[in-house]
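Engineer: Attaching a single structure in structure tokens format; questions to follow.
Read-outs throughout are calculated quantities, based only on the coordinates presented, and are distinct from any laboratory measurement. Note that the structure is a prediction, hence the values are computed from the model and not measured. For neighbour counting, all protein chains shown are included, and Cβ atoms are generated from backbone atoms with ideal geometry for every residue, glycine included.
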Amino acid sequence: MSKLKRRTLVGVAGIAALALALSACGSGGDDQGGDDRIVIGFVAVGPEGAWRAANEQNIKDTFTAEAGYELKYAPATNLDQQSQIAAFTSFVDEGVDIILLSATEATGWEASLRRAQEAEIPVILVDRGIEPDDPSLYVTRIAPDNVEVAKAVANWAVSEFPDGANYFVLEGPPGVGVVNERNKGWDSVIGSRSEFVKVGAQTANWSAEEAKSVFETVLRANNNNIQLVFAQNDEMGLGAALAVEEAGLVPGQDVKIATIDGTRGALEALAEGRLSFVAEYNPLFGDTLVDVVQKALAGQSVPSYIIVESLTFDSPEAAAEALPNRKF
Ligand code: AHR
């Protein structure tokens, strides 16, 4: 079944949730003491690296008072889900017009989402999905397609290593939806190829520092016999490059590192040849979000998964060309 058809099917469920959510809502901003601004509760992730900073700043720059919004920004405390659930609950109790949710954990959201539905407050998932995925509980998810983005990295690896390679995966935190989706995309291409040998996988929590220490240990334990690293985000890829240099090897030659995100730091490292492939995970959702918020509050239908287009960079030249106008 092609992606488009699946989306339409799920879209129907999304519309049903939407219609349900809006049937009593319908009033827009003036639930909040008389001014007409649309009040948005943003259950955010908070500090977590360059990509997250770009994504959340873009949302803050989009939903301004001048544009007719009141954005209530609630970052998680140390990525803790309980702090997110508490913020979500208080937004429902306050009766905000719409909730944006970037979940630090994929599971454990059913009860909160049902409460929002009972309170007829539409919920939009920003970047992160939920598990189990039940589109009847939210209006839509807006994000690049993690499975396809990871497939692009894997397809590059297959063309870069025609005879295969020993590889290692640096993963994001366990329990985060995008981590599972990125593994799914990578394994769907590489998993069946015997010439690619998986030495191992380990979380480095999106952190350059942790990735450096993890990969230093892995290189030592494997006598530096690893040719390829799939780093699930830029910071971890940059950490792996430092570990390679620490081992007296040359990143981009002895060990090739591919990352996901496409932040400035990664493109600079690709331009220098220290990274070998960067798949963008475009963080600029603002305009798409405005469109969805407006449609949701006007009772119009939206697909339940809206994919944000993303690019790939497979050479120092491509990175150097993109850098001057890079917004994140
Ligand atoms: O959910 C997206 C991921 O979260 C990004 O790839 C990573 O850098 C961020 O922290």
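Engineer: Please go through region 246-270 and give me each residue that is crowded, with 24+ Cβ neighbours inside 10 Å and on the phi > 0 side of the Ramachandran plot, ordered by number.
Structural biologist: Those that are crowded, with 24+ Cβ neighbours inside 10 Å and on the phi > 0 side of the Ramachandran plot: ASP261, GLY262.
Engineer: Out of region 109-133, which residues are under 19 Å from PRO75 (Cβ atoms) and within 16 Å of the ligand (Cβ to nearest atom)?
Structural biologist: TRP109, ILE124, LEU125, VAL126, ASP127, ARG128, ILE130, listed by residue number.
Engineer: OK, next. For the structure I just gave you, tell me whether ALA86 is in contact (Cβ under 8 Å) with a residue 60 or more places away in the chain, closer than 24 Å to TRP206 by Cβ and of a type in the set (Gly, Ala, Ser).
Structural biologist: Details: in contact (Cβ under 8 Å) with a residue 60 or more places away in the chain: no; closer than 24 Å to TRP206 by Cβ: yes; of a type in the set (Gly, Ala, Ser): yes.
Judged against the criteria, ALA86 is not a match.
Engineer: Of all residues in region 155-183, which are within 16 Å of the ligand (Cβ to nearest atom) and of a type in the set (A, V, I, L, M, F, W, C)?
Structural biologist: VAL169, LEU170, VAL176, VAL178, VAL179
Engineer: Tell me, please, whether a residue that is surrounded by 15 or more Cβ atoms within 10 Å (Cβ to Cβ) and in a strand (DSSP E or B) can be found in region 177-188.
Structural biologist: no
Engineer: I've got another one for you. If you go through region 53-65 one residue at a time, how many are surrounded by fewer than 21 Cβ atoms within 10 Å (Cβ to Cβ) and either over 19 Å from PHE328 (Cα atoms) or within 10 Å of the ligand (Cβ to nearest atom) (or both)?
Structural biologist: 4
Engineer: Those residues that are touching a strand residue (DSSP E or B) at 6+ places or on another chain (Cβ under 7 Å), without any contact (Cβ under 8 Å) to a residue 60 or more places away in the chain and of a type outside the set (A, V, I, L, M, F, W, C), I need them from region 198-250; list them, please.
Structural biologist: Answer for region 198-250, where residues must be touching a strand residue (DSSP E or B) at 6+ places or on another chain (Cβ under 7 Å), without any contact (Cβ under 8 Å) to a residue 60 or more places away in the chain and of a type outside the set (A, V, I, L, M, F, W, C): LYS198, GLY200, GLN202, THR203, ASN222, ASN225, GLU245.
Engineer: What's the total number of residues in region 32-48 that are assigned to a loop (DSSP other than H, G, I, E, B) and either in contact with a Leu (Cβ under 8 Å, 6 or more places away or on another chain) or buried (at least 20 other Cβ atoms within 10 Å of the Cβ) (or both)? Let's see the steps before the verdict.
Structural biologist: Of all residues in region 32-48, those assigned to a loop (DSSP other than H, G, I, E, B) come to 32-37, 45-48.
The next check asks that each one be either in contact with a Leu (Cβ under 8 Å, 6 or more places away or on another chain) or buried (at least 20 other Cβ atoms within 10 Å of the Cβ) (or both); those that pass are 45-46, 48.
Residues that pass the stated criteria total 3.
Engineer: Taking the condition in a loop (DSSP other than H, G, I, E, B) and within 30 Å of GLU195 (Cβ to Cβ), does PRO174 pass?
Structural biologist: Yes.
Engineer: Residues being more than 25 Å from VAL218 (Cβ to Cβ) and either surrounded by 21 or more Cβ atoms within 10 Å (Cβ to Cβ) or within 15 Å of the ligand (Cβ to nearest atom) (or both): count how many of those fall in region 278-287.
Structural biologist: The number of residues fulfilling the criteria is 5.
Engineer: All but one of (1) farther than 30 Å from LEU297 by Cα; (2) loosely packed, with under 15 Cβ neighbours inside 10 Å; (3) under 23 Å from the mean Cα position of the chain (by Cα) hold for PRO173, so report the exception by its number.
Structural biologist: Checking PRO173 against (1) farther than 30 Å from LEU297 by Cα; (2) loosely packed, with under 15 Cβ neighbours inside 10 Å; (3) under 23 Å from the mean Cα position of the chain (by Cα), the one that fails is (2).
Engineer: Go through (1) away from the ligand (no atom under 14 Å from the Cβ); (2) in contact (Cβ under 8 Å) with a residue 12 or more places away in the chain; (3) outside any helix (DSSP H, G or I); (4) not basic (Lys, Arg) and name the single condition ALA106 misses.
Structural biologist: The failed condition is (1).
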